[in-house]
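Colleague: Here it is, the structure in full.
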Amino acid sequence: MQGCGALVCSAFEYKTEKLMIARDRSVGVVYRLMQLVILAYIIGWVFVVKKGYQETDPDPETSVITKVKGVALTNSTEGPGQRLWDTADYVIPPQGESRFFVVTNLVSTPRQRQGLCAENPNVPGARCQEDGDCPAGRTFNTGNGICTGRCVPTNGTARVCEVHAWCPVENSPTPREAVLREAENFTVFIKVSVNFTRFNVHRRNVLEEGDSSYLKSCEFHPERSPLCPVFRLGELAVRAGASFSDMATRGGVIAVHLAWDCDLDRDLSACAAQYRFSRLDSERSRVAAGHNFRFARYSWQDGAETRSLLKVYGVRFDVMVSGKAGKFSIVPTLLNLGAGLALLGAGAFLCDLFLLYASKESPQYRQRKFERSEEDGPVPPQQDAVRARSSSTPGTANSS
């Protein structure tokens, strides 16, 4: 191979490992410590904590069904007077989805009809001095209708734009107390199902054995009855760190989290839902605080369509479901084991770098670490002399 270029010759070289024992106590201690740390990571974190020996299904199919129960009788001067409330009145939507709203307060504008009337003076921009301040077709961002081009007086001293709207327009003051305070004693039945399709495992948050009478008398408690899916609304608010009576006036949002973390290598009865509750809206915010919306109930009276406009406040409940299941599989076990063994080689690599480039004896270590075979030609005299000296005198490293 004499006379060939360095690049061409290097393409036909084969580099093999050379076992070398370096008698350096500090490097040896660091090497063993690195091995212990890597082994602790592989065994403790990868296999024990993260269960790296399992195949997982992190995205199960889920289904949520909710049903609220409770009846209350109210008599409020700010509300609709004396009224009986049942599930059909205060639960929106009524079909029971993963997100439902329970009415706790409302402002009603009854018997509205379409026509011409004065805009609400509290609407920004609705006050006027003359007709030119109310161009026809103009609308206000928070208004109730479309301007007709006239500026009309109100019952007070203010003059406002006339609008084509549902009359009389809504005049909703900020509520001072909740109409439906008894809602905290209502109960909700939350039935959740998860299906881990990869392992053909189906689980529910309901006790699998027993009769239906258990559901009619139980109430959820994380220690006494963790498999009871019936919750009192006031207790949900307390577990979310809030007061239901405070939320009932202006509304709020509560999240109910159900999480399955199932180890299918164990008994299937241990695969149960874990609950967590939190309040999602900001109770300290003064801008757009609480939760409210409007809806209308329509009817016909004297041949004309009328409606009752309801601005309702209440508590929205969001049921959030997540899950993960794992079961032993040889493929992830071998993959994580191989990755761990490769990581063990990092300790030897780092120690070699230190001995080759940072140690005080790095020149001698490099000389012994890298050696060409005799096929490349005779050993240079100076290298032969070094070998002779190193074999006759004890050094810091021995090769074998």
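The values are calculated or read from the model by the stated rules, or taken from the named source; none is laboratory data. What you are looking at is a predicted structure, and each value in this text was computed from that prediction instead of being measured. Note: ideal-geometry Cβ built from the backbone for every residue, glycine included; neighbour counts use all protein chains shown. Side chains included, ligands, DNA and RNA excluded: accessible areas come from the protein's heavy atoms. Shrake-Rupley method; radii C 1.70, N 1.55, O 1.52, S 1.80 Å.
Colleague: Quick one: how many residues across segment 144-155 are open to solvent by less than 50 Å² (accessible area, probe 1.4 Å) and either of a type in the set (Lys, Arg) or in contact with a Pro (Cβ under 7 Å, 6 or more places away or on another chain) (or both)?
Modeller: 3
Colleague: Please find, among 236, 207, the residue that is part of a helix (DSSP H, G or I), of a type in the set (A, V, I, L, M) and either open to solvent by 20 Å² or more (accessible area, probe 1.4 Å) or at pLDDT 90 or above (or both). Even if it seems obvious, please write down each step before you answer.
Modeller: Numbers: 207 fails: part of a helix (DSSP H, G or I).
Just a single option satisfies the conditions, and that option is 236.
Colleague: Okay, moving on. Could you figure out which of (1) surrounded by 13 or more Cβ atoms within 10 Å (Cβ to Cβ); (2) part of a strand (DSSP E or B) isn't true of residue 350?
Modeller: Of (1) surrounded by 13 or more Cβ atoms within 10 Å (Cβ to Cβ); (2) part of a strand (DSSP E or B), only one is false for residue 350: (2).
Colleague: Now a separate question. (1) more than 24 Å from residue 290 (Cα to Cα); (2) of a type outside the set (D, E, K, R); (3) open to solvent by 20 Å² or more (accessible area, probe 1.4 Å); (4) not in a loop (DSSP other than H, G, I, E, B): which one isn't true of residue 163, the others all being true?
Modeller: Going through (1) more than 24 Å from residue 290 (Cα to Cα); (2) of a type outside the set (D, E, K, R); (3) open to solvent by 20 Å² or more (accessible area, probe 1.4 Å); (4) not in a loop (DSSP other than H, G, I, E, B) one by one, residue 163 breaks only (3).
Colleague: Another question about this same structure. Based on this model, can you work out whether residue 147 counts as touching a helix residue (DSSP H, G or I) at 6+ places or on another chain (Cβ under 8 Å) and either over 20 Å from residue 296 (Cβ atoms) or assigned to a loop (DSSP other than H, G, I, E, B) (or both)? I'd like the intermediate steps shown before the answer.
Modeller: Details: touching a helix residue (DSSP H, G or I) at 6+ places or on another chain (Cβ under 8 Å): no; either over 20 Å from residue 296 (Cβ atoms) or assigned to a loop (DSSP other than H, G, I, E, B) (or both): yes.
Considered against the rule, which asks whether it is touching a helix residue (DSSP H, G or I) at 6+ places or on another chain (Cβ under 8 Å) and either over 20 Å from residue 296 (Cβ atoms) or assigned to a loop (DSSP other than H, G, I, E, B) (or both), residue 147 comes out as no.
Colleague: Okay, moving on. How about segment 166-182: which of its residues are surrounded by fewer than 20 Cβ atoms within 10 Å (Cβ to Cβ), within 21 Å of residue 113 (Cβ to Cβ) and of a type outside the set (S, T, N, Q)? Write out each step before concluding.
Modeller: Of segment 166-182, the ones surrounded by fewer than 20 Cβ atoms within 10 Å (Cβ to Cβ) are 167-168, 170-174, 176-177, 181-182.
So of that shortlist, the ones also within 21 Å of residue 113 (Cβ to Cβ) come out as 167-168, 170-172.
Hits for segment 166-182 are 167, 168, 170.
Colleague: Return yes when residue 290 is more than 27 Å from residue 61 (Cβ to Cβ), of a type outside the set (A, V, I, L, M, F, W, C) and assigned to a loop (DSSP other than H, G, I, E, B) and no when it is not.
Modeller: Numbers: more than 27 Å from residue 61 (Cβ to Cβ): yes; of a type outside the set (A, V, I, L, M, F, W, C): yes; assigned to a loop (DSSP other than H, G, I, E, B): yes.
Answer is yes for this residue.
Colleague: Okay, next question. Give just the number: which of (1) at pLDDT below 90; (2) in a loop (DSSP other than H, G, I, E, B) does residue 73 not satisfy?
Modeller: (2)
Colleague: Continuing with this model, one more query. So, of the residues in segment 297-333 that are free of Cβ contacts under 8 Å to residues at least 60 places away in the same chain and touching a Ser or Thr at 6+ places or on another chain (Cβ under 9 Å), which turns out to be least open to solvent (accessible area, probe 1.4 Å)? Write out each step before concluding.
Modeller: First, the residues of segment 297-333 that are free of Cβ contacts under 8 Å to residues at least 60 places away in the same chain: 297-300, 302-303, 330.
The next check asks that each one be touching a Ser or Thr at 6+ places or on another chain (Cβ under 9 Å); those that pass are 297-300.
Working: 297: 96, 298: 130, 299: 58, 300: 189 Å².
Out of the qualifying residues, it is 299.
Colleague: Condition check: open to solvent by less than 80 Å² (accessible area, probe 1.4 Å) and over 30 Å from residue 89 (Cα atoms). Does residue 282 satisfy that? Outline the logic, then answer.
Modeller: Values: open to solvent by less than 80 Å² (accessible area, probe 1.4 Å): yes; over 30 Å from residue 89 (Cα atoms): no.
Considered against the rule, which asks whether it is open to solvent by less than 80 Å² (accessible area, probe 1.4 Å) and over 30 Å from residue 89 (Cα atoms), residue 282 comes out as no.
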